[in-house]
Amino acid sequence: MKAAAFEYARASSIEEACALLRERGDGARLIAGGQSLAPMMAMRLARPTWLVDINDVPDLQYIRVEGERLRAGACTRQRALERDARAIRLVPLLSQALQWVGHIQTRNRGTAGGSLAHADPSAELPLVACVLDAEVSVRSTRGRRALRAGDLFTGPMTTTLAADELIEEIAWPIWREDHVGSAFTEVSIRHGDFALVAAAAQVALDGEARCLRASFGVGGADATPVAFPELAQTLAGARLEDSIISTIAERAAAALDPGEDLHASAHYRRHLAKVLAERSLLEARDRAIARRAGQIRQ
C-alpha cells in the first residue's frame, strides 16, 4: 500500500513550522521521526494534505537540566534520551521505559514529542509522562502554553492540541530524595509490539524505609494512560509491604475501563493491569531499598 497524495514543506525554525501549520489548516500534519505517522499513511488510516517536516529545527533537539526538570526538545530522538547519562541518573524511569519502545532502529528515528502527540494509549512515553506529571510546552503563532501531561490526552490517538499547535518541549520532573526507585514493565505479543498493558512506578523512601512519596500508572487498559495520584498518596508514610502494594494495585485495576479486541479481552487486560501495577511498585520499592543500602548508586 502507499500513501494518498500530499504536499510537503520543510521548516527550518519553530516559527516557520507554526506558520505553516496555520496556513495549511486542518489538513496539515507534522512529521519528524515518522515511526507512527508514516505507516498510518501507508495504510491510508491517515491522509494529511500537507506534511510539515520539522527534522531540521535545531531548537527542538536538546536535552538539558534546569533546576528540578530534565528538559527535552520535542524532536529529541528517543534513543538519545534512553542513553543520556543525565536522564539515566536523574529520571531513570524514562530510560527504563524507552527500552520497551519498538526496536533500536525505531528509537533511532522516533522522537519524544512525536510519541506524545500520537497519543497511543498503550505507548510507553505518554504513560511515563502521566506518572511523573511531566509538563508539556505547546507552541503556535498565537504564543506558548503549558499543560500537564495528564491534560494532553483525551482518548485513543486524540489530544487537546489545536490543529495549529506543536509540542515544543517536555519537562520531566527530577525526584531529589536520597532513595528513589523506579520500574517499568509491559506485556506484548512479541518484543517490540504495542503493549497489551504496561505499568510504571516510582517511589521515594526515607532513612527508615518508609514511603515519602509514590507515583504509578497503567497504559493500554483505558482510553488514555492513567496515573493514580490519589491511590499513590495513600502510600505516603507507610512501609511498602507486599500486601499493601497488592491492595493498591487491585484498587487501581478496578478503576480502569479496558477495551477489548482480538488480542485480549477486557477481563484479561484488567487482570494484567493489576499484576503489572503490583510488579512495577514492588520493583520500584526494591530498587529504592537497594539504594538505601548502598547496593545501587544513584
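For the reader, a short list of remarks on this structure follows.
- Some residue of segment 40-51 being at positive phi, under 27 Å from the mean Cα position of the chain (by Cα) and not hydrophobic (A, V, I, L, M, F, W, C): yes
- Residue in segment 165-181 that is part of a strand (DSSP E or B), more than 26 Å from Val275 (Cβ to Cβ), among the β-branched types (Val, Ile, Thr) and touching a residue at least 24 places away in the same chain (Cβ under 8 Å) present: yes
- Tally of residues being of a type in the set (Lys, Arg) and either surrounded by fewer than 21 Cβ atoms within 10 Å (Cβ to Cβ) or modelled with pLDDT of 95 or more (or both) across segment 97-139: 2
For every residue, the table says whether it meets (1) buried (at least 21 other Cβ atoms within 10 Å of the Cβ); (2) more than 22 Å from Met1 (Cα to Cα); (3) touching a residue at least 60 places away in the same chain (Cβ under 8 Å).
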{"residue": "Ala38", "(1), (2), (3)": "no, no, no"}
{"residue": "Ala42", "(1), (2), (3)": "no, no, no"}
{"residue": "Trp50", "(1), (2), (3)": "no, no, no"}
{"residue": "Gln61", "(1), (2), (3)": "no, yes, no"}
{"residue": "Gln78", "(1), (2), (3)": "yes, yes, no"}
{"residue": "Leu81", "(1), (2), (3)": "yes, yes, no"}
{"residue": "Ile88", "(1), (2), (3)": "no, yes, no"}
{"residue": "Ser95", "(1), (2), (3)": "no, yes, no"}
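- From the options Leu272, Leu276, Leu282, residue that is outside any strand (DSSP E or B), surrounded by 15 or more Cβ atoms within 10 Å (Cβ to Cβ), aliphatic (A, V, I, L, M) and touching a Ser or Thr at 6+ places or on another chain (Cβ under 6 Å): Leu276
- Hits in segment 152-187 (condition: surrounded by 18 or more Cβ atoms within 10 Å (Cβ to Cβ), within 16 Å of Arg71 (Cα to Cα) and not aliphatic (A, V, I, L, M)): Glu168, Glu169, Trp172, Trp175
The values are calculated or read from the model by the stated rules, or taken from the named source; none is laboratory data. Quantities reported herein were computed from a predicted structural model and do not represent experimental measurements. A quick note on method: Cβ atoms are made from the backbone with ideal geometry, for glycine too, and the neighbour counts reach across all protein chains shown.
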